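Structure first, commentary second.
Rule-based calculations on the coordinates, nothing more; no lab input. Being a predicted model, the structure only gives us computed values, none of them experimental. Note that each Cβ is placed from the backbone with ideal geometry, even for glycine, and that neighbours are counted across all protein chains shown.
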Ligand code: ADP
Ligand code: MG
């Protein structure tokens, strides 16, 4: 049932930080999202036209409003989220996302607003607010609320002129909706821009949210964190909960914006908490790189004042030091148990030497002279032109590294939460069942699910390289071919070595090409990639001379 609305008294109004709430279209979206979440929505659809001043529409399936409450909702300083008499004490205890009771009114001040809502009655309510004129009518709508904001800042030229252009303003909105989607992975979000869906999330937890906001590859390379701990507070001990998702340190970005922090399910731009998350990654990140992470911090009840910043971005945290320390420690723990300490970067970088084999480097006298089609490195080697396939060469290097990393020991694993379904041919499914022990020793936790579907609860992740469905299929193929000398472990490692390897089209500097050749020279089998294809092709000067009808290979 929808709580009914109360007018705040003047003292409370004064106590609440003032300030103009609606500075740009993204602020409208933020306020409407807060309200939708406060209304208990499990589905929120956002649609934006242009830079957002044209039209913003936020639709939710929350509890909705009764007609009288809806009429009151667009008035200034009405809120259903505090009772007037208890307002003073309740200010720090309020659990909803905002309670200043001025957001809708402020939006109505600078735009045309249509609010369609139904709290479960047979007939819903439509409010049209234009220039202070409120028109009320019946509306057919299921339970929930839709707010459509048009002509934002139409009569405020100074505001609209200060906006940054459609791409930048929509970019802010998109970042903001992503912040919410990751802060509340239990809610289904969708975002459309000019009629095209930008992203959607399923409401099925943080990994799905990461997949929606970023992509499947990133979602795979991440660990879910769910952590409860006691912290020291001014009033004794209190419990702090932390949940979210952390991409492995191998996934990096150039700016800290991909570190998203929420407090009590509300995104905040809190530099201290963000710093704590980054510090949790500790030395796992190279100097100027930042991780991708989204965490929601739930500090002990009563220790958050959500209203210190008028745009509600910075939080007032009592016991801030204890909270930040706990966040940093929890992030560090989660990353180390996920065995993500050894990073993909370590597995693919060209600087770290391999344990060199006991022979001289076959490429010691090479000179890199160029590259062809950004795939073939051209090198002079005495009388010969050596052509190196950079992808095959890098695969070989990665493969030998992975092999060294998993030798003898069990292969490090990454847990998939929730387990992933992988469809395979029926024969492969029964093979997986029959060879469950072998798969287990390779790091796969696989169960046959029927209908050619496998449920995969864990995958091998040596050196932070997380196996995917293709790696599982490659492993099953090689188990199927068991008469041949194809070792499933080799097949798996070859597959894992492939993905982080240089591709055709990756331009290499001469220095990087030289490093690649040095690493290749350290390999036990430098002349073939792990799939058995050559890495190097030699062209003798005599071959060229013959091609040019030269009798001798010397100038003359
Ligand atoms: P506040 O959120 O600070 O209370 P707002 O101006 O944002 O103030 O909203 C005023 C009131 O309108 C809210 O307290 C709430 O009762 C109601 N309201 C606004 N949006 C919604 C929504 N999407 N679903 C249900 N109720 C809503
Ligand atoms: Mg609000």
**Residues residue 275 and residue 234, FRET efficiency given R0 of 30 Å [Cβ-Cβ distance, rounded to 0.05]** = 0.85
**Fill in**
For the range 208-281 the translational diffusion coefficient, Stokes-Einstein from a Kirkwood Rh over Cα pairs at 25 °C and viscosity 0.890 mPa s, in µm²/s, is roughly 177
**In nm, spacing of pseudo-spin labels at residue 455 and residue 384 (7 Å Cα→C-beta vector)** = 5.5
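Counting other beta carbons within 10 Å of each residue's own, what order do 148, 369, 107 fall into, fewest first? Please report the intermediate quantities before stating the final value.
Details: 148 18, 369 13, 107 24.
Ranked by crowding around the Cβ, least crowded first: 369, 148, 107.
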**Asked** How far apart, in nm, are two points set 7 Å out from the Cα along the Cα-to-Cβ line at residue 140 and at residue 546?
**Response** 8.3
**Request:** Mark the label point 7 Å from the Cα of residue 531 along Cα→Cβ and return the residues of the range 357-401 whose backbone N is within less than 20 Å of it.
**Result:** 373-377, 387-401
**Item:** Distance in nm between pseudo-label sites at residue 68 and residue 156 (7 Å out along the Cβ direction from Cα)
**Value:** 3.2
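For the range 145-192, count the residues as N, evaluate 2.2 N^0.38 Å, and divide the Cα radius of gyration by that value, please. It would help to have the intermediate numbers written out before the result.
Numbers: Rg = 13.6 Å, N = 48, 2.2 N^0.38 = 9.6 Å.
Ratio of Rg to 2.2 N^0.38 Å for the range 145-192: 1.42.
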**Asked** How large is the convex hull of the Cα atoms of the range 136-265 per residue, expressed in Å³ as a whole number?
**Response** 230
**Fill in**
P(r) of the range 455-546 over all Cα-Cα pairs, 5 Å bins starting at 0, rounded to whole percent, reads 2, 10, 16, 19, 18, 14, 9, 6, 4, 2, 0, 0
**Fill in**
Cα extents of the range 424-470 per principal axis, largest first, Å, are 32, 18, 14
